[in-house]
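Colleague: Have a look at this one.
The values are calculated or read from the model by the stated rules, or taken from the named source; none is laboratory data. Everything quoted here is computed from the prediction, not taken from an experiment. Methodologically, a virtual Cβ is constructed for each residue, glycine included, from the backbone with ideal geometry; neighbour enumeration extends over all protein chains shown. Surface areas here come from the heavy atoms of the whole protein model, side chains and all, with no ligands, DNA or RNA. Shrake-Rupley method; radii C 1.70, N 1.55, O 1.52, S 1.80 Å.
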Amino acid sequence: MIFDVAAESYDRFMGAWSRPLAPQLADLARVRSGQRVLDVGCGPGSLTAELVARLGAASVSAVDPSESFVAAARLRHPGVDVRSAQAEALPFRDGLFDVALAQLVVHFMADPVAGLREMARVTRPGGIVVACVWDYAGARDPLGPFWEAARALQPDVTDESALAGAHRGHLAELFAAAGLTDIEDTELSVSRPYDGFDDWWEPFTAGVGPSGALVARLAQPDRDALRERCRAMLPGSSFVLSAVAWAARGVVRD
């Protein structure tokens, strides 16, 4: 999936979740000074920012297929080598990086195994590949209330629960299929505060991701019904939501 939306729209929708997730994914990858790292599917640069803070811009490269995100990442992170590319065809030589990371990306890859295999190819033998995907299948993702409301109104709606890596153990299975070894499977947990329902709902109207695309294509009466169904499920005043992501860490074969 290519996100043809403004970087600011993504920031409001998922960026506030990605930012607190980024340090945890970098910790899982054991990112440390002196390494050269790649952020695959960088979006506007939430994980990129964490990597730059740890390593410096010259040690970080990033790719994303969305031109608006590439432009935003370049603007926000001067000195980082940001390129337009798909995960399945990374524009780097073999073994260039010590670590390759994909935050909330694998489930949007056209071919997840091919994408992870490419991440392994551009990482040196003994290097690390890590990735994470929200637990959509377990309804522990940031969009759980939205999809619950959508299914109540439209039982045949296609949510994100069947996407790659979205259920227990699947991300590790994909890592194994891509040829990675010494695979670790774990969970990462984050929380996000909201000022109220409108603060929660507004990002869905920007057309970001499958949920935003659903809102965009609904007729106005159906959109209103979905909004009010969601409103009934959430507190009227400020609240905090929590979410869990499946994460995996693998080692590139010697």
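Colleague: Suppose a student asked you for the relative contact order of the range 94-152, using Cα pairs under 8 Å spaced at least 6 residues apart; what percent would you report?
Modeller: So the answer I get is 39 percent.
Colleague: Please state the charge dipole magnitude for the range 101-251, taken about the Cα centre, from unit charges on C-beta atoms (+1 on K and R, -1 on D and E), reported in debye and rounded to the nearest 20.
Modeller: For this selection, approximately 220 debye.
Colleague: Using Cα-Cα distances under 8 Å and only pairs 6 or more residues apart, what relative contact order does the chain have, in percent?
Modeller: Relative contact order, the chain: 21 percent.
Colleague: While we're here: Among Ala245, Pro155, Gly138, whose Cα lies farthest out toward the positive end of the dipole of the chain, if unit charges sit on the beta carbon of Lys, Arg (+1) and Asp, Glu (-1)?
Modeller: Ala245
Colleague: Taking R0 as 25 Å, what FRET efficiency do you get between Val240 and Arg30 from their Cβ-Cβ distance, rounded to the nearest 0.05?
Modeller: Between Val240 and Arg30 the formula returns 0.25.
Colleague: Using just the helices of the chain, give the 222 nm mean residue ellipticity in deg cm²/dmol: DSSP H runs with n ≥ 4 each add -39,500 (n - 2.57), and the total is spread over all residues, rounded to 500.
Modeller: Details: 10 runs with 93 residues, N = 254.
Result for the chain: -10500 deg cm²/dmol, rounded to the nearest 500.
Colleague: Can you give the accessible area of Met233, probe radius 1.4 Å, in Å² rounded to 10?
Modeller: Counting only protein heavy atoms, the figure is 70 Å².
Colleague: Sticking with this one: Given 10 °C and 1.306 mPa s, compute D for the chain with the Stokes-Einstein relation, Rh being the Kirkwood radius over Cα pairs; round to the nearest whole µm²/s.
Modeller: The Stokes-Einstein estimate is 86 µm²/s.
Colleague: What Kirkwood hydrodynamic radius, in Å, does the range 148-254 give when the mean of 1/r is taken over all pairs of distinct Cα atoms and then inverted?
Modeller: Averaging 1/r across every pair of different Cα atoms and inverting gives 16.4 Å.
Colleague: Just how much of Glu88 is accessible, in Å², when a 1.4 Å probe is used and the result is rounded to the nearest 10?
Modeller: So the heavy atoms of Glu88 present about 50 Å² to solvent.
Colleague: Of the candidates Cys132, Cys230, Cys42, which one comes out as most mobile in a Gaussian network treatment of the chain with C-alpha springs shorter than 10 Å?
Modeller: Highest fluctuation among the options: Cys230.
Colleague: By accessible area of protein heavy atoms, probe 1.4 Å, what ranking do Asp81, Asp94 get, highest first? Kindly include the intermediate steps, with their values, before the conclusion.
Modeller: Details: Asp81 50, Asp94 100 Å².
Ranked list, largest accessible area first: Asp94, Asp81.
Colleague: On to the next question. At 18 Å minimum axial length over the Cα atoms and a Kyte-Doolittle cut of -0.5, report the qualifying DSSP H helices in the chain, or say none.
Modeller: Membrane-span-like by this criterion, though nothing is claimed about a membrane: 16-28.
Colleague: Hand me the trypsin sites (Lys or Arg not before Pro) from the range 56-146 located in a DSSP loop with no more than 13 other Cβ atoms within 10 Å, in residue order please.
Modeller: Working: sites: Arg74, Arg76, Arg83, Arg93, Arg117, Arg121, Arg140; in loops: Arg93, Arg140.
Filter output for the range 56-146: Arg93.
Colleague: Among the DSSP beta bridges whose two residues both lie in the chain, what percent are antiparallel, rounded to the nearest 5?
Modeller: About 55 percent, rounded to the nearest 5.
Colleague: Quick check for you: which residues of the range 97-127 have the amide N under 17 Å from the point 7 Å beyond the Cα of Glu184 toward its beta carbon?
Modeller: Label zone hits: 98-103, 126-127.
Colleague: Okay, moving on. Under the classification rounded if a/c is under 1.5, otherwise prolate if a/b is larger than b/c and oblate if not, where does the range 65-134 fall, given a ≥ b ≥ c as square roots of the Cα gyration tensor eigenvalues?
Modeller: Here the range 65-134 falls in the oblate category.
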